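Here is the structure we will look at.
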Amino acid sequence: KLALKKYLRDSDTVCELGASMRDVSGLICESIGPQGSSLHMDIKRKAPRIVKDEKKQWRFGSEAKSGADTPNSFHVMSSFDEWGCILSQNPGPFDVFVVDVGAMTGNDLPLSSVALVKELLARQPGHAPRAVLVRSPSLCSLAGRLVHSQKLEVSPADILSTDLPAQYSPFPAPAAGEPVLVAAVGVDHYRRTIALAVKPGDAVLEIGCHLGTSTAELHAAATAGDGASRGGGCIGVDIGPSIIQRARSRHPEVSFAVADAWHTAELRRLRAELMPPPKRPPASAVDPSVEQGRVFDVVYVDVGGLSGADGLLEALALLNALGQALEPRVIVVKSLAVRRLASSLRQFGHEWHRNCGLQAAGRSDPPAGGAGKASDLAARKNARG
């Protein structure tokens, strides 16, 4: 609701997909005023036998608007796929989209949400919406971990670590399988992240190593100082046997292997075969990353077909698979599509939490309006996304 109050304006034209809450739809109508208009879509629902939370104003059947006398329409769909037909009959254009895929499918589906937003934006190329508000815990998590490579170069400490209290940190310590994701475009930006993302002693994997130039730089960073004695190094993999042979001849000090990016079980085996971890020191001296059981500390991805403006869904699916299987601290991906997403996806409440942390440290005042609960967080995607 805080996101709606922030981004909706008087006289806006709004489209809400997943209009399961009457109070949310009513707030939309109230915010846009009598000069605005709204289109609300939701699947057909049955009233529950037991109401667990009486404070929530669920919509059932084919109820229409709630809260204000504004030109609007409410459509009941028998299935989620009908939204396209309804939108074709009510083309807009819309100033703001409000999307809750989970309300229509019964589960939080981040890739479906991203695909839906992309199609919504493509339907009105001549009128870029001011904002797309997406209710999705998974996308909120992604927004907090996905970073533009140039932002990493400007403020690496804010991204890879933070001195703010944990409850206010916009970048909380990632859970296993949820690494920080750095999106780069071009070889130069891709390689410039090495000095910031790789530490001596790290176990690094480059997927799509080609002739091994970047792999050699990654290996040098991971073995710098006493990195080699601590098990540091880099493995380069590519799907082409001839490419791997050429990489081996150019960089004999680096381990290379033929492997597919999607075969995560094979990537896990390569760590044990080509870069076995060193013998564990006494428990008091064990590095935290070893205790967390990471297969690789850092993963670099430069896969053909995913480095351009297309293939966003495939890139996100691959990054999720690599994160879950290899549990790295950081994944750096060379992808224009992912970098564009990093530029446009925002976690609502991000700046509020950070300002609260600064206020706790005596450095600034918090913004007006107060804070939302975790369930009120929304991911915002602007027209460039």
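The values are calculated or read from the model by the stated rules, or taken from the named source; none is laboratory data. Because the structure is a prediction, the values reported are computed rather than measured. Neighbour counts are summed over all protein chains in view; Cβ atoms, including those assigned to glycine, are modelled from backbone coordinates with ideal geometry. Remember, those area values only see protein heavy atoms, side chains included, never the ligands or the DNA or RNA. Shrake-Rupley method; radii C 1.70, N 1.55, O 1.52, S 1.80 Å.
Residue count for the range 175-214 satisfying the condition of being crowded, with 18+ Cβ neighbours inside 10 Å and among the acidic types (Asp, Glu): 2. The residue pairs whose first member lies in the range 301-313 and is within 22 Å of Ser113 (Cα to Cα), whose second member is open to solvent by 40 Å² or more (accessible area, probe 1.4 Å) and assigned to a loop (DSSP other than H, G, I, E, B), and whose beta carbons are closer than 6 Å, counting only pairs six or more residues apart or on different chains, are Gly311/Gly305. Going by the structure shown, is Ala143 surrounded by 15 or more Cβ atoms within 10 Å (Cβ to Cβ), touching a helix residue (DSSP H, G or I) at 6+ places or on another chain (Cβ under 6 Å) and modelled with pLDDT of 85 or more? Taking the combined requirement at face value, the residue does not satisfy it.
Checking each residue in the range 128-140 for being in a helix (DSSP H, G or I) and within 15 Å of Ser343 (Cα to Cα) picks out Leu139, Cys140.
Where strands (runs of 3 or more DSSP E) sit wholly within the range 214-324, those with at least 3 residues that are among the aliphatic types (A, V, I, L, M) and at pLDDT 90 or above occupy 298-301.
If the condition is being of a type outside the set (Val, Ile, Thr) and closer than 15 Å to Val96 by Cβ, then the range 117-140 contributes Leu120, Leu121, Arg123, Gln124, His127, Ala128, Pro129, Arg130, Ala131, Leu133, Arg135.
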